[in-house]
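Structure, as structure tokens:
The values are calculated or read from the model by the stated rules, or taken from the named source; none is laboratory data. Source: prediction; values computed, not measured. Cβ sites come from the backbone with ideal geometry, for glycine too, and all protein chains shown count toward neighbours. Protein only, heavy atoms only, side chains kept; ligands, DNA and RNA dropped before computing areas. Shrake-Rupley method; radii C 1.70, N 1.55, O 1.52, S 1.80 Å.
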Amino acid sequence: FDTGASVVVLRRRIAQQLGVDVGNIKDEIKTIVADGRQANAKFVMLESVAVNDVVAYNVGAAVLPDEAAQFGAADGLLGMSFLKQFNFKIDQKNHQLILEKLN
């Protein structure tokens, strides 16, 4: 979960596990991570992204090489290309992200 990220970010391995044909992605973008370092990524428009029982459609995503773990991306993050489709709040007491679909 990262409101400062303009798109969803996935590591290559995770994108492949989700069925994204990473080898055929032609669009490349430069990303800037939280500490200011740059990383090259592939850009893909995902048909949908589901988190539990909520789904967002036509979600832009940056696919980072697996070496990008050094940037702290872990397996990925939910950026604004997903989050902009919802009203969201964080329930810190119960450690929950609450998503409400926008009409």
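To the nearest 20 debye, what is the magnitude of the charge dipole of the chain about its Cα centre, counting +1 on the Cβ of each Lys and Arg and -1 on the Cβ of each Asp and Glu? The partial results should precede the final answer.
Details: 11 positive and 12 negative charges, 26 e Å.
My answer is approximately 120 debye.
Computing the accessible area with a 1.4 Å probe over protein heavy atoms, can you report the carbon and sulfur percentage for the chain?
On the way: 3250 of 6730 Å².
That fraction is 48 percent.
Using only Cα atoms, figure out Rg for the chain and give it as a multiple of 2.2 N^0.38 Å. It would help to have the intermediate numbers written out before the result.
Numbers: Rg = 13.8 Å, N = 103, 2.2 N^0.38 = 12.8 Å.
With N residues counted in the chain, Rg over 2.2 N^0.38 Å equals 1.07.
Per residue, how much accessible area does the stretch 1-52 have with a 1.4 Å probe, in Å²? List each step's numbers first, then the result.
Working: 3520 Å² over 52 residues.
Heavy-atom accessible area per residue stands at 68 Å².
With charges only on Cβ, +1 for K and R and -1 for D and E, what is the dipole size of the stretch 3-59 about its Cα centre, in debye, rounded to 20?
Numbers: 7 positive and 6 negative charges, 58 e Å.
The dipole of the stretch 3-59 has a size of about 280 debye.
Can you figure out the FRET efficiency of residue 28 with residue 80, using R₀ = 22 Å and their beta-carbon distance, to the nearest 0.05? Intermediate values should be presented prior to the final figure.
Numbers: r = 20 Å, r/R0 = 0.91.
Efficiency at R0 = 22 Å is approximately 0.65.
Using 19 Å as the cut-off for backbone N distance, which residues of the stretch 13-47 belong to the label zone defined by a point 7 Å from the Cα of residue 67 along Cα→Cβ?
The answer is 13-16, 22-23, 28-43.
Taking the mean number of other Cβ atoms within 10 Å as a proxy for protection, how do you rank 28-35, 2-9 from highest to lowest?
Values: 28-35: 12.2, 2-9: 18.1.
Top to bottom by mean Cβ count within 10 Å: 2-9, 28-35.
At a Förster radius of 35 Å, what calculated FRET efficiency corresponds to the Cβ-Cβ distance of residue 95 and residue 21, to the nearest 0.05?
Between residue 95 and residue 21 the formula returns 0.50.
Across the chain, how many lysine pairs separated by 8 or more positions, or lying on different chains, have Cα atoms within less than 23 Å? Could the numbers behind the result be given before it?
On the way: 26/42; 30/42; 30/84; 42/84; 84/101; 89/101; 93/101.
Total qualifying Lys-Lys pairs in the chain comes to 7.
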